[in-house]
Amino acid sequence: MMNDSQFVEVENLYFSRGDKEIFRGVDMHIPRGKITAIMGPSGSGKTTLLKLIGGQLYPDTGRVQIDGLDVHRLKRRELFRLRRRMGMLFQSGALFSDLSVFENVAFPMRVHTDLPEAMIRDVVLMKLEAVGLRGARNLMPAELSGGMLRRVALARAIALDPELILYDEPFVGQDPISMGVLVELIKKVNQALGLTAVIVSHDIKETMSIADYVYVLSDGKVMAHGTPANLNVDRDARVSQFMHGEPDGPVPFHYPAPDYYSDILNEGARP
Amino acid sequence: MIKQRIASLGKSTLDTFESLGRATIFLCQASIGIPGKEGFHLWLRQMHFIGVMSLAIVLVSGLFIGMVLGLQGYTILVDFGAEDALGQMVSLSLLRELAPVVAALLFAGRAGSALTAEIGLMKATEQLSSMEMIGVDPLRRVVAPRLWAGFVSLPLLTIGFSVVGIWGGYLVGVDWLGVNEGSYWSNMQASVSFIDDVGNGLLKALVFALVVTWIAVFQGYDLVPTSEGISRATTRTVVYSSLAVLGLDFVLTTLMFGEL
Amino acid sequence: MKRSKTMELGVGLFVLAGILGLVFLGLSVSGLNNGLSSTSFTLKADFADIGGLKKGSRVTMAGVPIGKVKSVELDQEWFDARVTMELNGELEGRLSEDTTAAILTSGLLGEQYIGLTVGGAPDTLEDGDVIHDTQQALVLEELIQQFVSNMASK
């Protein structure tokens, strides 16, 4: 791999929450200008990984570099400066509930630039047009559906034309139509702006259709990585279980528990 | 068994100190807001929600407490033939104790719990996270204006409480029970010192304002972002700030009026 | 924008009301200007015993407040109390030289204050003059003691 083409580098990352180890040595290279997907079953810490990349959480050991900057060694002020070059799309959209759609998209520009009002208006309308919600600019977030919220959040995330954009479960809980819309949008945004994208998801079909490179997380480690085409034909049992959505396999259906029969028969000794 | 108890005592002690430390760092980071016109507008907005919206409950309570003081004070003082000292009694009780304490308790219930719930909900819906990712420090943009609005509002509310309460005492004592109007005011004026009574009362209000707002915003910022977490944190805000106000009141009273 | 204007107005009124309240607490409740007009003048008076009189106590004439006690200190030479009073400036040069000062008590347990009574002398008191004809505070314990010893000697 050519090192100068890496935008984000995750090296030997360990992270635990309480007694639970979430990451046990994760290494990742996220290439510049490509869409990289991070996949894995629910609870494998995908969102946590995004928060580590964004500098909202601190790892136990290991480091994350973005464009050569060690995220967790930066001073608070430098970290906030770095974040201006990133956009993040939260699972819930996370729009500011006291601001209208227009003001939400205008927010990053208002706080980070001195653009005149007329120009802010033009840029906001442009971004809203890109996600197809120019007509909804005067609505409040509470009046929008889940899919629309996410589209507005996408418009806000790209308002400052970031170099890196992080998508947290963009397809979860969407109806097929808005799912299709979002897939198209993410692809379009990436092509138009040439930015680096990281998508965290467990919706295999949609993610595979737009990702250039895929990492699969399991048990706190990178289980497999490769291009979508390579992974689809991977012979590893765990990879193929995940890729083809089989209910039971190496990744067990059951939460770890004592033996079923002895557990049921052992009624008197219940805790 | 005993070993376990001791260990859990140690754990809760460490947890307490850890969260005190976090709260202190939090206060330092959140004390500097956004400068300039924008920061002023954010502060103004919070002054409206925190101060102006609490005005009604504080003033009505002040009026009733003043009236009750007038009534109770009269029945006690009239036995000694000292009902002329009613103004003094009403004003000193209000200025030194009741106005700062009761206004702070009401403020914790009305504004403090709302602050915790609001910030907590912003945290639960990832609004604070997304603000961080946009490159805006939520401590400066969300917390600082609220902290300062609370710090300014409560002393103003306390002044309002005193004024309305003294007027309530006048209403009951002079208008209804027939205490001499001149002696109500002149006894008051002779015994109330602006620095010692009004000033110390205001100092108490400033301390309470800082503590109550601090507890409220910290509980909101530090809570577990679930609906249960928000309800627990809201309760904690009211309980902790009420206890802190009453405890600190004793300490401050000892320092100010206890002649130690 | 309209909503923000009413909000600004509300906050402005709130702050203004707080400041006015503080002024009220200063003037009417703590009596910072205690019946004084803009000008004032001081008189002194020596008392053998001032009882519970203290700084800020009222000074009245015919029951009307005309000033307050500015300071109370012990005269190191005669060992009596030197009280400095701050009086309404309009009265300067109008109180006769033989004005008397008495320490009075409002009610049985009330505040102690100074009552001035004018005499008939043609000369008047000026700023900084001393009133010599004074009547000390009635101290309850002394009254009782006198009463008891009178009874005993009879």
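Any read-out appearing in this document is the output of simple, stated calculations on the displayed coordinates, not a laboratory observation. If you're wondering where the values come from, they're calculated on a predicted model, not measured in any experiment. Neighbour counts run over all protein chains shown; Cβ positions are idealised from the backbone, glycine included.
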Highest to lowest packing among C:7-20, B:220-233, B:94-107, scored as the average C-beta count within 10 Å: B:94-107, B:220-233, C:7-20
In percent, what relative contact order does chain B have, based on Cα pairs under 8 Å that are 6 or more apart in sequence? 32
Taking the alpha-carbon distance from residue C:70 and a cut-off under 21 Å, which lysines remain once sequence neighbours fewer than 8 residues away in the same chain are dropped? C:44, C:54, C:55
Point-to-point label distance, residue B:2-residue A:20, nm (Cα→Cβ direction, 7 Å offset): 3.7
With the cut-off at 1.5 for a/c, could you classify the stretch C:83-126 from its C-alpha gyration tensor as rounded, prolate or oblate? prolate
Under a Gaussian network model of chain A whose springs join Cα atoms within less than 10 Å, the largest fluctuation of A:70, A:98, A:212 belongs to A:98
Given a Förster radius of 56 Å and the C-beta distance between residue A:188 and residue A:266 as r, what FRET efficiency does 1/(1 + (r/R0)^6) yield to the nearest 0.05? 0.45
Counting other chain Cβ atoms within 10 Å of each Cβ in B:5-16 and taking the mean gives 0
Pairs of Cα atoms under 8 Å, at least six residues apart: use those to get the relative contact order of chain C, whole percent. 24
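With the cut-off at 1.5 for a/c, could you classify chain C from its C-alpha gyration tensor as rounded, prolate or oblate?
Prolate is the answer for chain C, as a/c is 1.5 or above and a/b outweighs b/c.
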What relative contact order, as a whole-number percentage, does the stretch B:78-200 give when Cα pairs under 8 Å and 6 or more residues apart are counted? 58
What is the helix-to-structure angle for B:200-222, meaning the angle in degrees between its Cα long axis and the longest Cα principal axis of chain B, kept from 0 to 90 and rounded to the nearest 10? 30
Hey, can you list the DSSP H helices of chain A whose Cα span along the axis is 15 Å or longer and whose average Kyte-Doolittle score is at least -0.5? A:101-112, A:117-130, A:146-157, A:176-193
Helix-only mean residue ellipticity at 222 nm for chain A, each DSSP H run of n ≥ 4 adding -39500 (n - 2.57), per residue, nearest 500: -10500 deg cm²/dmol
Paramagnetic label zone (point 7 Å from Cα along Cα-to-C-beta, residue C:127; backbone N under 14 Å) in the stretch C:39-70: C:39-44
Using only alpha-carbon positions, what ratio does the radius of gyration of the protein assembly as shown give when scaled by 2.2 N^0.38 Å? 1.39
For residue B:203 and residue B:24, what does the FRET efficiency come to when R0 = 22 Å and r is the distance between their Cβ atoms, rounded to the nearest 0.05? 0.55
So what's the projected area for the stretch A:120-271, the Cα convex hull averaged over all directions, in nm²? 13.5
Treating the angle as unsigned and between 0 and 90°, give the value, to the nearest 10°, between the Cα long axis of helix C:140-153 and the longest Cα principal axis of chain C. 20
What is the packing order of peptides C:61-68, C:120-127, B:51-58, taking the mean over residues of other C-beta atoms within 10 Å and listing the highest first? B:51-58, C:61-68, C:120-127
Return the calculated 222 nm mean residue ellipticity for chain B, to the nearest 500 deg cm²/dmol, obtained by summing -39500 (n - 2.57) across DSSP H runs with n ≥ 4 and dividing by the residue count. -25000 deg cm²/dmol
What are the extents of the Cα atoms of chain B along their three principal axes, in Å, largest first? 67, 57, 32
Could you work out the mean count of beta carbons from other protein chains within 10 Å of each residue's beta carbon in B:81-94? 2
Would you mind checking which residues have amide H under 5 Å from residue A:37's amide H? H placed 1.01 Å from N; only 5 or more apart, or other chain. A:199, A:212, A:213, A:214, A:215
Highest GNM mean-square fluctuation, chain B, Cα pairs closer than 10 Å: which of B:213, B:24, B:158? B:24
Within the set A:51/B:204; A:46/A:188; A:46/A:75, which residue pairs have Cα atoms separated by over 32 Å? A:51/B:204
For peptide B:193-199, how many partner chain Cβ atoms fall within 10 Å of a residue's Cβ, on average? 4
How long is the stretch A:58-135 along each principal axis, judged by its Cα atoms, biggest number first, in Å? 47, 29, 23
Using a 7 Å offset from the Cα along the Cα-to-Cβ direction at both residue C:8 and residue C:20, what is the distance between the two label points in nm, to one decimal? 2.1
When chain B is treated as a GNM, springs tying every alpha-carbon pair under 10 Å, which of B:27, B:202, B:14 comes out with the largest mean-square fluctuation? B:14
For chain B, find the longest principal axis of its Cα atoms and tell me its angle to the long axis of helix B:181-191, 0 to 90°, nearest 10. 60
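Just to be sure I follow: if Rg is taken over the C-alpha atoms of the stretch B:181-228 and Rh is the Kirkwood radius over the same atoms, what is Rg/Rh?
Here the Rg-to-Rh quotient is 1.41.
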First check a/c for the stretch A:1-85, with a ≥ b ≥ c the square roots of the eigenvalues of its C-alpha gyration tensor; if it is under 1.5, answer rounded, and if not, answer prolate when a/b is larger than b/c or oblate otherwise. oblate
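Can you figure out the FRET efficiency of residue B:257 with residue C:139, using R₀ = 35 Å and their beta-carbon distance, to the nearest 0.05? Please list the in-between numbers first.
Details: r = 26 Å, r/R0 = 0.73.
E(calc), rounded to 0.05, equals 0.85.
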Mind checking which lysines have their Cα closer than 28 Å to the Cα of residue C:5? Skip sequence neighbours fewer than 8 apart in that chain. B:37
